[in-house]
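Structure record follows, encoded as structure tokens.
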Amino acid sequence: MMLYLTTFPYQESSCIMGRRDVQIHFLTLLVLYFSVMEERNSTEETPRNNALAQRRSKSYRQSMRSCVEATHLAYTSGLLTALRIPRSRKAPKSCDITKQVDPDQVALLVKKEWQLSYVTPLYQFRHTQLKSYSKQLSAFMVSEKQQGLAIEVGQELGFKVNFSVVLGLAETDKDAETVFIQILSKQVFSAKDDAPKVVWSGWLTCVNGDLDYLRSLPLEFVSLPLFCTRGPESLTVLVKSWFENIFDCCFGPLDINSTNLQWLASLWTGCHPTINIQYLKLVWTLPTLPPMDVTYTVHPQDAWELWDSMRQVDTTEDSISIDEVTGFIKGLQSHFFRHFRIDLSAGSLMQISTALGSSHHSGKIKIASPNYIPTILQLLTECALLKMPI
């Protein structure tokens, strides 16, 4: 409840009530107040009302506790939110991921552009049933094709689906192992000995997910919130439809907002002393008529020196603070304004790219180097969890 107090200029001529009248009026209010409180107390002291009050209080506590347990990430029930901006994130560390992940599986993830989505927890999903899921999804696609569904792949004999596990990406015991999906097809006019061609790829992952959220999930649910796809949209729709029918989940688009693009720009710039990023290119969209896109390419050494100057003394080596990210982007914008008199802060950052990878506001990302896959996937996992409706 908000209490608003309004003061007015005091005017002696407007005071028409004497001191005695004020005292009587005040006593009358006190009598009315205590009479009402006495009546309320007498009503609440009955055993039946006490029992009702206790039950209501207990029910309220339980409902509030369930709401709190379901909203560890500052969600609002039924709404999509992304209000929680961490003060710091882990800085990327160069590591040979092929020591913990099969190099052939790593090659499936890197140097390809993926379209991002979020997916709610999967009900009764089991990593031990992947062969069965492969057959079920294949049968589902054949059934949908026989019903006349247009699948924009070409003239194909049929579809074969492969589910597999990418071991080694999970960083905590609560992270579910990554699941990779491939859809293969053999063209009608291909030779008999030709191998089926991969026409669609996708994977579900969770890397260093929020522990409070993961612990709050019932045992029947598996959280793989980040869904990355590559291939015809018609096949993506089919795969999502099958998952929704079998595992009682739902999908949604996962865009990468300006703040997270700034994080990625800072993370990749921070890699420069270890791995040369070769260039830093940023694309802003300015709210002009018509809208104007500004492409800003920065020399890698200049970008690194600016980033290094923004590093705070009290920041640990394995983290990057939001203040450092903001200062880095503002430094780039100030430099651009001095030369071209264009204020990039008035627009929105839409795209970033380096030799290590690229990302677009629409939810597209390409990871060109395997060295920093865990860090990037951790950021995207966090974005997916924050985007998810409750």
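List the pairs whose first member sits in region 300-311 and is touching a residue at least 12 places away in the same chain (Cβ under 8 Å), whose second member is charged (D, E, K, R) and surrounded by 15 or more Cβ atoms within 10 Å (Cβ to Cβ), and whose Cβ atoms are under 6 Å apart, counting only residues at least 6 apart or on separate chains?
Close Cβ pairs satisfying both conditions: M310/E324.
Just to be sure before I move on: is T288 exposed (fewer than 14 other Cβ atoms within 10 Å of the Cβ), polar (S, T, N, Q) and without any contact (Cβ under 8 Å) to a residue 24 or more places away in the chain in the structure I sent?
Judged against the criteria, T288 is a match.
Before we move on, is S353 modelled with pLDDT under 95 and in contact with a Lys or Arg (Cβ under 9 Å, 6 or more places away or on another chain)?
So S353 fails the test.
Give the residue that is surrounded by the fewest Cβ atoms within 10 Å (Cβ to Cβ), with candidates limited to residues of region 211-232 that are outside any loop (DSSP other than H, G, I, E, B) and without any contact (Cβ under 8 Å) to a residue 60 or more places away in the chain.
Looking at the filtered set, the residue picked out is R215.
Output the residues belonging to region 237-256 that are over 13 Å from L122 (Cα atoms), crowded, with 19+ Cβ neighbours inside 10 Å and at pLDDT 95 or above.
V239, L254, I256
Consider G158 against the criteria (1) at pLDDT below 75; (2) more than 21 Å from W242 (Cβ to Cβ); (3) not polar (S, T, N, Q): it satisfies all of them except one. Which criterion is unmet?
(2)
Please list, ordered by first then second residue, the pairs with beta carbon atoms under 9 Å, 6 or more apart or interchain, first in region 334-352 and over 10 Å from Y296 (Cβ atoms), second acidic (D, E) and not in a strand (DSSP E or B).
Correct list of pairs: F337/D343.
Checking F180 against (1) in a loop (DSSP other than H, G, I, E, B); (2) more than 18 Å from the chain's Cα centre (by Cα); (3) under 16 Å from I373 (Cβ atoms); (4) of a type outside the set (D, E, K, R), which test does it fail?
(1)
Please give the helices (runs of 4 or more DSSP H) falling wholly within region 272-390 in which 3 or more residues are farther than 30 Å from T172 by Cβ.
Answer list for region 272-390: 300-310, 322-340.
Could you tell me which numbered condition G363 fails, if it satisfies all but one of (1) under 15 Å from the mean Cα position of the chain (by Cα); (2) surrounded by 20 or more Cβ atoms within 10 Å (Cβ to Cβ)?
Among (1) under 15 Å from the mean Cα position of the chain (by Cα); (2) surrounded by 20 or more Cβ atoms within 10 Å (Cβ to Cβ), G363 violates only (2).
The values are calculated or read from the model by the stated rules, or taken from the named source; none is laboratory data. Just so you know, these numbers come straight off a predicted model, no measurement behind them. A quick note on method: Cβ atoms are made from the backbone with ideal geometry, for glycine too, and the neighbour counts reach across all protein chains shown.
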